[in-house]
1. List the helices (runs of 4 or more DSSP H) inside the stretch A:135-225, counting only whole elements, that have at least 3 residues being within 30 Å of residue B:220 (Cβ to Cβ).
2. Among the numbered criteria (1) in contact with a strand residue (DSSP E or B) (Cβ under 8 Å, 6 or more places away or on another chain); (2) surrounded by fewer than 24 Cβ atoms within 10 Å (Cβ to Cβ), which single criterion is violated by residue B:515?
3. Determine which member of the set A:317, A:330 is within 14 Å of residue A:104 (Cβ to Cβ) and modelled with pLDDT under 90.
4. Just to check your reading of the model, which residue among A:510, A:531 is more than 16 Å from ligand 3 (Cβ to nearest atom), within 14 Å of chain B (Cβ to nearest Cβ) and surrounded by fewer than 17 Cβ atoms within 10 Å (Cβ to Cβ)?
5. Restricting to the stretch B:541-551, name every residue that is more than 9 Å from ligand 2 (Cβ to nearest atom) and more than 13 Å from every other protein chain (Cβ to nearest Cβ).
6. Here are A:450, A:505: which of them is farther than 26 Å from residue B:214 by Cβ, within 14 Å of another protein chain (Cβ to nearest Cβ) and surrounded by fewer than 21 Cβ atoms within 10 Å (Cβ to Cβ)?
7. Checking the conditions here, which among B:652, B:646, B:665 is under 34 Å from the mean Cα position of the chain (by Cα) and within 25 Å of residue A:683 (Cα to Cα)?
Ligand SMILES: Nc1ncnc2c1ncn2[C@@H]1O[C@H](COP(=O)(O)OP(=O)(O)OP(=O)(O)O)[C@@H](O)[C@H]1O
Ligand SMILES: Nc1ncnc2c1ncn2[C@@H]1O[C@H](COP(=O)(O)OP(=O)(O)OP(=O)(O)O)[C@@H](O)[C@H]1O
Ligand SMILES: [Mg+2]
Ligand SMILES: [Mg+2]
């Protein structure tokens, strides 16, 4: 665990000045108005998220079509004219390389825009502060980054980044300020605290899911499953509103694009198409379970390989320049592999009714097209749809096998390089391809059983593979149902997702957890670690505890702050002379001071003698989200030696305490469910004997 | 609030003997085996719930068909022969009356089988102990009660009771014993505690929803929304497994019934049919909102009327006999109203292709049938389906208006009488009828707008009415989507449900909350009451606190127990002479004893001098769920005057404490989220100054 990650503060304490502030402002607030403002903000988050998602999808589609038309042209001509592929390949490599290089540059410009964004959002919702994650430049980098990396031919999806963008809207539009743009207003002051901001981020993420997959319910489930732990029905309500709004705006946009403005039955940005004659039989149950097992194994393999590669990569590729070069190298490799693997397997099919717009002739005869090339050259979304719905003989099993292997490998290599890259679509694609293979083999070897549509197996395979990789199975079930608009297959999807998740969990963690762990983030899981009911808090808490006293000379305080990084300090009455060392106690607990409040006191020179005239809670609350540290301020010697600080009215007089012999199980639950940051361990005399933070709990898991 | 309701104990404390027990048993337990047993139990719960639901549905369908065939015959003959309806009416009244009387008798036999069961399950999941709720006889009474009351012609559904039955399976099959049947085994000891039992009850309820509506995802959402507050993904996992299993078994059963055993695409017991050409337009958005508003208002009106009637009824009808007579009277009224209202409105339609098997001729000409009668005489489920899908001119608007009014009134009167009666289907039926009316009027007055299918409005109306009544909107959205197998209408359904819930909440609470409140149950809502951040714990806690001391004479203990009903007592070191009365303190907190543990100590004569040889945690854990009270045991004078009890090794040494100036907001969250029962208020010296239980928190809401 990396000690530099800090937690968020969800509770602001009961300090004298805050209670005073609450009492002062109690009557001036208008509950109805507050609710209205929140409603408007939520609708606004939904709207902007949908617009962002819509424009990303539009740009990607437009640019891809352009690129594919160009390539297709080039390839057909190149092949027919020269029977030689070198020249067109060089041109394709150059174009893809340029786009991917751009993606790499955007990635190194803002390293928080790298990856799918979901691991970061997960950590954020879990309560870890990641500064810059939601700031404007990161979002810009993500927006353009995902466009160029998808168009550049990487095996990446745009859904993860859309969710990150949604979360960014949630954080950015509701604070009434944007420090990175130097915008400060007086609006929405009431939402400037970690608790409300986090709620908005959750809503934005839900809106992102809703827009990306056309799945409003999945949006809610995602927000719950991914970590909005201490949510309650009020939050559920706002989540629902926000994801509906996003779905609504997106549908409006799509209906406009389709030329039937106002017709609302368009679905989301991804639409996997309807399964017309959906049905299945009891015996297939076993097949679904088996596919779940495969999905879990493949997913676990994916995660393990990716973990090794990422670890290895992070020890070699560190400078910005080498990161960009690495992106370029991977891009070259991906394009080459795609190109040659398409050439290797002969898979010519007669050109039927135009199912897929990316049907290329390549070296096939006239009136035919290359079916293998269609998977490689369509956008991943279209390939998935095609694998679900194309007639059984549309794909050769050899080209599918080859596709699965190659695509699996390049996806493993791609996730984690310095570009913004979603994981959902690549996983779905891999799963759909092997799922379809399963279907083809079943039809081949058990023709008598009449198993029906191969698309069904593609669907189940896709769900299993995705669940095996990311392990958020309830969300995936909902997404697959909502994105196919089909509920008959609910049961197969659920079974395969559950089995895949369980199977995968036998081997390793989900890919998001792996990446968060590699970054040393102390995410707290929902459940206490196994056997926690036999461990006592005293075995895991940190001690000795660095404490403050209610009245202290500035110098002493500065010394303490400069010599430790802790985010908060218990305030105690010092033990009497003869008690020191006895019971390992640090004196009787009186309250708790957050580090940045202490620094703020020194900075504002809120000394003992002028407290009541000058100080008010606003001077502490209004600096949010800035948290100045002691190293950033200059403290004059005058102040240091003559000033006295009195914490009694600023500290939280009622911090949460726990007894040393309380069970870890219970302590963990309390900590996690209520969203605490510090828990003070006190003995029977209310003397401080230890302290528990997120990191202590994380260490024992 | 009724003080006799007790809470459940979700945490067993860290007492010396329990820690000892955990240490002793740590290695003997086999995690894999434990998991397997749980899996089998969960599958078993799902299976039995599905079978129960399936058989209820089957019996109801069979008996109803029989009854309707008989009536139909009778009416046609009666009318054509005598032009006189008196005789057949008398016969119908007699048959319905007999069935309803039986329902009433079952209801008074086990009063916990009365009503839909959902309010009780909700309270149970919230943490309130309702003894007998899950016992065998209650479930039997519910099973037969719902069959006879639906067949008897009451406007009630079978879905609520199915959910109750599912919950009962969860509790009954997993304890390895059934006190009401005098069955005690050694199996499943590990699940005999409130925490695990509650989890199983949640699963059973989810399985019930899944079976009743063919909606596995809704099952999970129901369990979450209805109160499994401190759930975590592990629970989600089991919920999913259980509701899938139930869906699976049900589908098997239905496929067998349909003659295609093994074909799994049958859906649930309710199937509202597919909407073929689903689509809608932006302007309709406003209509959906307006329908949401109507749904909210009608729902609130329903609740308010029902509340008045229930209050009034409960003050007049108290004896068992009068309850049964009341049921009979309502049955008479309902049958008469249905009968005459069907006769009043002439609504003859030509007999087309057989949409509805309950088409009766009555006084219509040959080749025609009475459309109004079809709503009245079909089972409610079929009527709902018909309202969703029948062609626009199938129902007369006048017969719909009349139906809505009459059905609304009889439903209001029926819910709360002494029969088992679900609310979902009646609400859906009312909503579908007025929703269809809206559709008909729109087509009539805005023919140019081309609003499409009237069934769409029936669907939206049904959702809005149900949400306006029961207010569990997310579950309802999911159920409507899963039961229609349609996701295009997701957005209209969500909008109308959300608006209806908000609208309804302006007027009153949901019908389940109303009934729980009337029963004085202290249910804790998810969120702290408004303004809770300005209230301090000291303002709401109970004081003075009755405490025990670590070592006490039996007589003193018995006196304390006999003179108060409290469920637990802080154990303190008594204050020194000169401190008494100072600070209102009761002495330093040392631990906490549950009342039934104290009684158990006395009963087993675990006296001070023979603790360590005789006592083990098992003697306290194994009596679960019995909690003997002091009034039920005889304590000899010998014991009283010479015996001493020592609580130090049995008490929980680390009860949760809170400071008097902590905010109510924070305290409430902790209490609710972690599932506590007692929270002890201590001052800076760790002296007990107050106590907070569920009832104190409930009082301030
Ligand atoms: N005041 C303190 N005195 C002694 N140890 C502390 C104190 N505060 C935290 N710790 C311990 O130091 C370790 C590192 O914690 P860290 O300094 O990151 O805590 P924090 O910054 O207060 O909390 P967080 O990082 O979760 O925001 C943990 O084991 C923690 O228990
Ligand atoms: N030991 C006690 N001494 C004094 N008051 C108590 C004590 N225990 C509970 N109370 C108070 O008595 C009132 C009634 O509570 P009740 O006796 O029902 O609590 P309980 O039975 O311990 O908890 P629950 O009913 O939730 O299981 C509440 O206001 C509660 O705060
Ligand atoms: Mg820290
Ligand atoms: Mg009580």
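1. In the stretch A:135-225, A:159-172, A:194-213, A:216-225 are the helices (runs of 4 or more DSSP H) which contain 3 or more residues that are within 30 Å of residue B:220 (Cβ to Cβ).
2. Unmet condition: (2).
3. A:317
4. A:531
5. Scanning the stretch B:541-551 gives B:549, B:551.
6. None of the others qualify; the one that does is A:505.
7. B:652
Conditions tested, residue by residue: (1) away from chain A (no Cβ under 13 Å); (2) farther than 25 Å from residue B:555 by Cα; (3) crowded, with 19+ Cβ neighbours inside 10 Å; (4) within 16 Å of ligand 3 (Cβ to nearest atom).
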{"position": "B:619", "(1), (2), (3), (4)": "yes, no, no, no"}
{"position": "B:629", "(1), (2), (3), (4)": "yes, no, no, no"}
{"position": "B:647", "(1), (2), (3), (4)": "yes, no, yes, no"}
{"position": "B:668", "(1), (2), (3), (4)": "no, yes, yes, no"}
{"position": "B:671", "(1), (2), (3), (4)": "no, yes, yes, no"}
{"position": "B:684", "(1), (2), (3), (4)": "no, yes, no, no"}
{"position": "B:688", "(1), (2), (3), (4)": "no, no, yes, no"}
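The values are calculated or read from the model by the stated rules, or taken from the named source; none is laboratory data. On a predicted model such as this, the values are computed, not experimentally measured, just so you know. Glycine also receives a Cβ, built like all others from the backbone with ideal geometry; neighbour counts cover every protein chain displayed.
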